[in-house]
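The values are calculated or read from the model by the stated rules, or taken from the named source; none is laboratory data. Since the structure is predicted, the reported quantities are computational estimates derived from the model, not experimental observations. Here Cβ is always computed from backbone atoms with ideal geometry, including for glycine, and neighbour counts include all displayed protein chains.
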């Protein structure tokens, strides 16, 4: 029997408009390596969201690790280090990609998945025995975070202010930026982010692109020679049109970047509310497209017959936390099916206390 | 007025079968990061061409520079160097990507675009002052070469034999492997190549994929932990299905990998023959999908009104070499149009010598 | 007024026998780059201490960071990471030198300055999401540790057994190996260490050399091409004799390597005992040449008039921990003077409780 | 029988004044890591030679490869490349040390051992296909060159002017800078060099130091954070005094830096003149401490009985070029002995035509 997957937000292909656009444009000859007209147009569309003061550059790469490698290594000198939370994607999910470019990661515990000004200050004061210690220089944050939480605008402003005061570069990993901006917890715009960070990237893969992330270099001083780094790290596609066309669609009239994220978040919210209504708690608030219910292991086992998801952590002797991820492609009927099944299992569990009654 | 481009072999999107396959499979949920069933099937299809003794592994990445970075850096220790021709893609077209992984390139002049056993021997003997010199360890060849030429099977065997005798790793950059295998000059099969080199890659981008190259690790000793390198260098796609689906099509029943390359080569051969028939010489024999005619600068200027191509080199005071590239997508009518135009210009030029006669 | 320094164990030049040996050999012409007869003889002398089964190689470099860079980068593939304690020298005192060679450091809290088998197991189990995480491959320990503690032979055996079982490379940073081996807490010999680790280094700088550390590659599989790494990282001296001559003296008839360390430890033990006898506690047991007394801030201020040392940590509102380092060159009269001064200050402090009496 | 070595300029230890200074200062306690008073004084002495407009910084490292690694990697971004001659020390004698820091070397043939403005222009024009090619950014020259030749002041000015005009960093490897400045072909001062290049280093090892080179960062913009790079690359000595004391002596009242080089050059000149006077030609003019005589192979074989030197190149069927290197330590009596032996051999060779006469 086939299971429906809530494993992640990249189990399907692409939003159908993207496939249509690829098909329609297929035989139009274009310049290579990102010099195509589609990429130029996508850049104009994104810039229109970044505020009139934006004076930087936008580049496209295929995936998030590449975006992080290029963005970070392009602006650091060899002795400069990165400040990140322990759970940061570059710390635990990129196979040492940043260190492979020569830079140390200095990590601190996350607070609700986030980096705080206090943590940054702590890193600066405990990493000041120069030149015997690498010099903390770049602040890495993810929004939404790896825990599914969202930075508020005041939080972003506080980190940005500290970074500017202390001469630090602020970089935001936007693999899940769509989910963050579409979150009910969010009060920041793309223009806010562009005004507060030195560089960031807008994740396309998780909101319906086949591949593709847009790196936005906000600080003009960091934009010089940026394309060299993409080329040197192996991130430049001959058919750059593939990235440009997709970002044209994501930032087109249908506003797919936001709408796809909004759908994913809505599906997660529906899952969360339903699970809670059936008497189960969540391990963390559902701010984006990730839901972390705490369920009896027996319920989890039964759910596994029809759905796939990640087992996240133990929660006592007979319960565990699972992670459900929704996406632009999540079929609401599957959400309903999941909730129906959990209702059934919840009732059975209650009924389990009265087996005699039930057999009557 | 629009011009038709003979600039390169990646000006269009993808073969229509690839777009159809992407569309058909779009909502099938799949495991991420190359663990999808499409990639597994593509691997089986490729392995079926590699001979029964093949005992290695196949991995997919998005582009050629990434394929070179991963393949080379995965199998060298820090002090080991690469032997390549001066014109090698890694030498002059990848922005120092290999050096950025820490390895020296030792270069020698190409002979007809190729590396020879004699050149390799020369590198070994002039780079033996150890440990003061980096240790030559990996031989890099491209087939088809950057000059459009093709290694014959005896040439490949000679290099392979030398590499094995001297403890060198032999690596083949197959960005244009389709063009090579479909060349009239070719006498090698994929299975031959797999038996002679330690690792190579099969270029998809230039034969009709949107993105994608298949790295074939033939030497099992080099296959360990290979996926780590792809991940660490930023080459692993969340939606690995994008690569798997394309290689399924390229190596499917229609044999698109070979057929697309054959079409490109045929278009080049037609261009070459036509140009010669109109009285112009070629700077090099046309073995693959690159044609290098020597034309009067006035003819070139006139052609530029309707066609785009690269100006390659000066050839005397009033002539130049241009480069025409054909591809899987080259429309034969455009080839005909190009030849018609050149015929017209050739006649005008002849006429130019006898204006009085012509007016009669 | 001049102060006497207990800041570190490298405030003076070299043991006088070393200076004499340099002077006596000065005009003897020798081969360069470590091929001199002094280095060969030093190697033989060290090998004589490593046990009859030793089958590896010994190389000399100028300093500890270089020894760590060369040893670690010579034996890891790009995706392989290092396990170390948070307080490890490579983690916090080498300016990101290991990351600059491309490798991730995975850190865990130290237990009494040491790494434990449990910590290693914890790293392995929490860093197993492959290939998305770097692969833990090399275990880094320091003996004596950065906290001045010493690994016992059973502790070393347990780590070594685990490393071998799990396919990990075990590397020991011996910047303070002399202090460790001369410690009353030590029960291991150089031969024990050589039999348990894959590679380690014997620190010369801290036991009376001007510069110089001896890298001992115990595992023959790691010895291949080792000199290339020294050369490539900038660690090879033209006048390698400078290192050879010093290690000849350290491992000569006077056994200076052990005797110099023993003197340093004895001076530390005398300081520790004296300080305790005057009523002050130690923050940690004194196992080697580092003493960590807890003293009233007023006493510390008074001591600073005549002695220099590091302020280590606060210990309550009016006390602090200081660090006193002794060395091969520590003049016992200065130790006595320090203890006399502390006795005076301790008495004054007791008197401070009876100021009226004192004024009589 | 012992041979006298003309193999290189680092076969002996150190100038005796250096050993005396090390001995005299031995028990003076000093701050570590280059913060000692000796290094500060050495820096003042060197600055006194650099001209009143010098506004940079001076740092000390142990050897030349380290000086090159630190100087080059400290001032380049990842995509920037180095321009050097094929015979440059970093190209063929440092085991890929610069590439190991991630940077490409773009090489051109040397003219009389030197780089020329024309060669630099050629590199710039053939490496301009951006961003597909690494960006040429730093010009590396050696003075004296690896061929023993010396840049004239006009030559240095021309390269410097071009570098400034084209935004290139000019770096001078001064392993043999003493030999260059003491050459009869030289018309530049240390102050001239400091005013023309962005950074350079003054070699100590080849003019009588045990170890040690002084890196002079002339361009203040490149001086920021310089010590981090030394630390990170493993070039910082705990006992930095060892370097400071030696450069105090080299730049002290006896002017040993120049006098030692002058002696070496004088010994080479004497060898050259003597060899020529006995009827043998030189393969290159003797500008510094390297002599390249062309000798019959039979003469070479006979000389080898008493002297050691490098066989440099074949010169016809029965002759070869050898390289004789002199140094601060070369005993003039050995020069005389060499010339006496060559005279004897020359006469015998002439006599060889008249053996009967000679026996009379």
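A quick yes/no check of all residues on (1) under 27 Å from residue C:313 (Cα atoms); (2) within 14 Å of another protein chain (Cβ to nearest Cβ):
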site: C:243; (1), (2): no, yes
site: C:250; (1), (2): no, no
site: C:254; (1), (2): no, no
site: C:266; (1), (2): yes, no
site: C:271; (1), (2): yes, no
site: C:274; (1), (2): yes, no
site: C:277; (1), (2): yes, no
site: C:288; (1), (2): yes, no
site: C:297; (1), (2): yes, no
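Against the definition (within 20 Å of residue D:328 (Cα to Cα) and in contact with a helix residue (DSSP H, G or I) (Cβ under 8 Å, 6 or more places away or on another chain)), how does residue D:62 come out, yes or no?
Spelling it out, residue D:62 is indeed within 20 Å of residue D:328 (Cα to Cα) and in contact with a helix residue (DSSP H, G or I) (Cβ under 8 Å, 6 or more places away or on another chain).
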Query raised in the report: Does region B:84-99 contain any residue that is under 18 Å from residue B:137 (Cα atoms) and either modelled with pLDDT under 95 or in a strand (DSSP E or B) (or both)?
Result: yes
Query - region B:59-83, residues that are assigned to a strand (DSSP E or B) and surrounded by fewer than 24 Cβ atoms within 10 Å (Cβ to Cβ) - result: B:80, B:81
Query - Matching entry among C:292, C:309 (being over 18 Å from residue C:212 (Cα atoms), within 14 Å of chain D (Cβ to nearest Cβ) and at pLDDT 95 or above) - result: C:309
Report summary line: The number of residues in region D:17-38 that are at the interface with chain C (Cβ under 7 Å from one of its Cβ atoms) and more than 24 Å from residue A:132 (Cβ to Cβ) is 6
**Report entry** Test for residue B:271: is it outside the structural domain of residue B:72 (by TED's automatic domain parsing), touching a helix residue (DSSP H, G or I) at 6+ places or on another chain (Cβ under 8 Å), in contact (Cβ under 8 Å) with a residue 40 or more places away in the chain and surrounded by 19 or more Cβ atoms within 10 Å (Cβ to Cβ)
**Finding:** yes
Requested in this report: Report the residue count in region A:147-162 for those that are closer than 13 Å to residue A:110 by Cα and outside any loop (DSSP other than H, G, I, E, B).
Outcome: 0
Report summary line: Among residues of region A:1-24 being surrounded by 22 or more Cβ atoms within 10 Å (Cβ to Cβ) and touching a strand residue (DSSP E or B) at 6+ places or on another chain (Cβ under 6 Å), the residue farthest from residue B:22 (Cα to Cα) is A:6
Query raised in the report: With respect to residue B:60, is the statement that it is touching a strand residue (DSSP E or B) at 6+ places or on another chain (Cβ under 7 Å), over 30 Å from residue C:100 (Cβ atoms) and in the same structural domain as residue B:182 (by TED's automatic domain parsing) true?
Result: yes
Report task. Would you mind stating whether residue A:138 is within 14 Å of another protein chain (Cβ to nearest Cβ), crowded, with 21+ Cβ neighbours inside 10 Å and assigned to a strand (DSSP E or B)? Result -> yes
Report summary line: Exactly one of D:33, D:38, D:27 is buried (at least 18 other Cβ atoms within 10 Å of the Cβ), more than 22 Å from the chain's Cα centre (by Cα) and part of a loop (DSSP other than H, G, I, E, B), and that residue is D:33
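Please count how many residues of region D:116-130 are away from chain A (no Cβ under 14 Å) and not in a helix (DSSP H, G or I).
Count: 1.
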Requested in this report: Would you mind finding the one in B:110, B:97, B:194 that is touching a helix residue (DSSP H, G or I) at 6+ places or on another chain (Cβ under 6 Å) and either within 30 Å of residue B:22 (Cβ to Cβ) or more than 14 Å from chain D (Cβ to nearest Cβ) (or both)?
Outcome: B:97
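Taking the options B:145, B:152, name whichever one is surrounded by fewer than 23 Cβ atoms within 10 Å (Cβ to Cβ), under 19 Å from the mean Cα position of the chain (by Cα) and outside the structural domain of residue B:323 (by TED's automatic domain parsing).
B:152
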Query raised in the report: If residue A:188 satisfies every condition in (1) away from every other protein chain (no Cβ under 13 Å); (2) in contact (Cβ under 8 Å) with a residue 60 or more places away in the chain; (3) touching a helix residue (DSSP H, G or I) at 6+ places or on another chain (Cβ under 8 Å) but one, which is the exception?
Result: (2)
Report task. Could you please find all residues in region B:186-222 being in a loop (DSSP other than H, G, I, E, B) and surrounded by fewer than 19 Cβ atoms within 10 Å (Cβ to Cβ)? Result -> B:187, B:189, B:219
Report task. Only residues that are in a loop (DSSP other than H, G, I, E, B) and within 12 Å of chain D (Cβ to nearest Cβ): list them for region C:223-241, please. Result -> C:225, C:233, C:234, C:235, C:236, C:237, C:238, C:239, C:240
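Of all residues in region D:39-87, how many are under 25 Å from residue D:251 (Cα atoms) and more than 10 Å from every other protein chain (Cβ to nearest Cβ)?
Looking only at that region, the number is 23.
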